[in-house]
Amino acid sequence: MSPGRRTQRIAGWLIQAICRRLPADVRAERCREWTAELPAIFDDQSIRPSFLRTLRAFSFCVGISWTTRQLSKSARAASRRSRNAQWRTGAMRARPPELAVRAVRGLLIWLVVVVVLLGLIALLRTRGFPPSLPVLFVLPLAVGFDVFCLADIARAEQVRYLHKWAWVIICLVQAPLGGIMYLSIGHIGRHPSRPTSSGGPSGTIR
Amino acid sequence: MCRLVAVKLTGPLERVLRVMLADPSALHYGYDLMKTAKLPSGTLYPMLARLQQDGLVNAEWEAPRQDTAGRPPRKYYQLTAEGCRVARLELAQAASSAPAPRAGHGAVRPAPGSTR
């Protein structure tokens, strides 16, 4: 084997190794494309002396490495975009980037409600009211909220992550918190089946 | 299809478009483009990928032939009809705005579809 062929093979291995960074659906094709360029570089008679061709091939590999980085970056961005679009239209399996944020937000809302309620009870107790009085007022609110959540689940064509029945049980068992969690995580805001005008946010017609 | 024209005409892109427009029916493989446009592979291939994504450039595999002396089949790039149109337009505009400072000229006649 001539030294030229050997370096060509080494460069081919290098390209193969570099291509591993690419997403699997384009990896093999890109690898074939770039390996097919190597003979052209090693047979390029305009580059003299011949060892400069080896340098050229390796600088080609450096550029390929840069290219794979760009390509995989844009592929990641595209998959993130499509995942967000799926999440917005309510695909069950789509993993939203902001799930933790939503859960924490739900918990915070619940905490605020609990603190306000306890504060109200403490305040009324200092005024001499029995503690059962604010509960009497709050209970219908909580029941109303729960009924609202259950009605929302019943009306929704689709809910996220869990079955409708699982969300119903969560809403019933964890009375206010379950409902808040359903609204912040399981609830699909926009109706996916309803046609929206040219992809803009529904409800805002400009 | 207005996104297609939003490709920003940079120096390297201009060189590639010139090379490909010189003979729109010609098939170019990567190293050929690198040599004639004098671009490194790290600039050329991301650019080709972007142009391909925007539908301005078409890529096809060379059919396996006997006379290639064991050379693996290459991938050839070619401007699409839309690509030819956009490239001519962009190059003509670049040429017309080249003598004057670009900013002043662009303000008078911005490139169609550009975000300015």
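The values are calculated or read from the model by the stated rules, or taken from the named source; none is laboratory data. Here the structure is a predicted model, which is why all the values come from computation and not from measurement. Because the Cβ atoms are built from the backbone with ideal geometry, glycine has one as well, and the counts that use them run over all protein chains shown.
What to note about this one:
- Of the residues contained in the stretch A:57-66, none is found to be modelled with pLDDT of 80 or more, exposed (fewer than 11 other Cβ atoms within 10 Å of the Cβ) and more than 9 Å from chain B (Cβ to nearest Cβ).
- The residue list A:20, A:30 contains one member that is among the charged types (D, E, K, R) and either under 19 Å from residue B:40 (Cα atoms) or surrounded by 13 or more Cβ atoms within 10 Å (Cβ to Cβ) (or both), which is A:30.
- Qualifying residue in the stretch B:55-66 (condition: under 22 Å from residue A:70 (Cα atoms) and either under 10 Å from the mean Cα position of the chain (by Cα) or assigned to a helix (DSSP H, G or I) (or both)): yes
- Test: residue A:119 is exposed (fewer than 13 other Cβ atoms within 10 Å of the Cβ) and either modelled with pLDDT under 80 or part of a helix (DSSP H, G or I) (or both): yes
- Verdict on residue A:108 being modelled with pLDDT of 80 or more, closer than 19 Å to residue A:177 by Cα and either within 17 Å of the chain's Cα centre (by Cα) or not charged (D, E, K, R) (or both): yes
- Considering residues of the stretch A:143-161 that are of a type in the set (D, E, K, R) and not in a helix (DSSP H, G or I) only, the residue farthest from residue A:178 (Cα to Cα): A:157
- Counted residues, the stretch B:55-73 - those being at pLDDT 90 or above, surrounded by 15 or more Cβ atoms within 10 Å (Cβ to Cβ) and within 12 Å of chain A (Cβ to nearest Cβ): 1
- With respect to the conditions (1) buried (at least 17 other Cβ atoms within 10 Å of the Cβ); (2) at pLDDT below 85; (3) not aliphatic (A, V, I, L, M), residue A:158 lacks only one, and its number is (1).
- Across the stretch A:2-12, the qualifying residues are those that are away from chain B (no Cβ under 13 Å) and surrounded by 12 or more Cβ atoms within 10 Å (Cβ to Cβ), and the one among them that is modelled with the highest pLDDT is A:10.
- Scanning the stretch B:13-54 for residues that are within 14 Å of chain A (Cβ to nearest Cβ) and assigned to a loop (DSSP other than H, G, I, E, B) yields B:27, B:38, B:39, B:40, B:54.
- Which numbered condition residue A:140 fails, given (1) assigned to a loop (DSSP other than H, G, I, E, B); (2) modelled with pLDDT of 80 or more: (1)
- Counted residues, the stretch A:5-41 - those being aliphatic (A, V, I, L, M) and closer than 17 Å to residue B:70 by Cβ: 5
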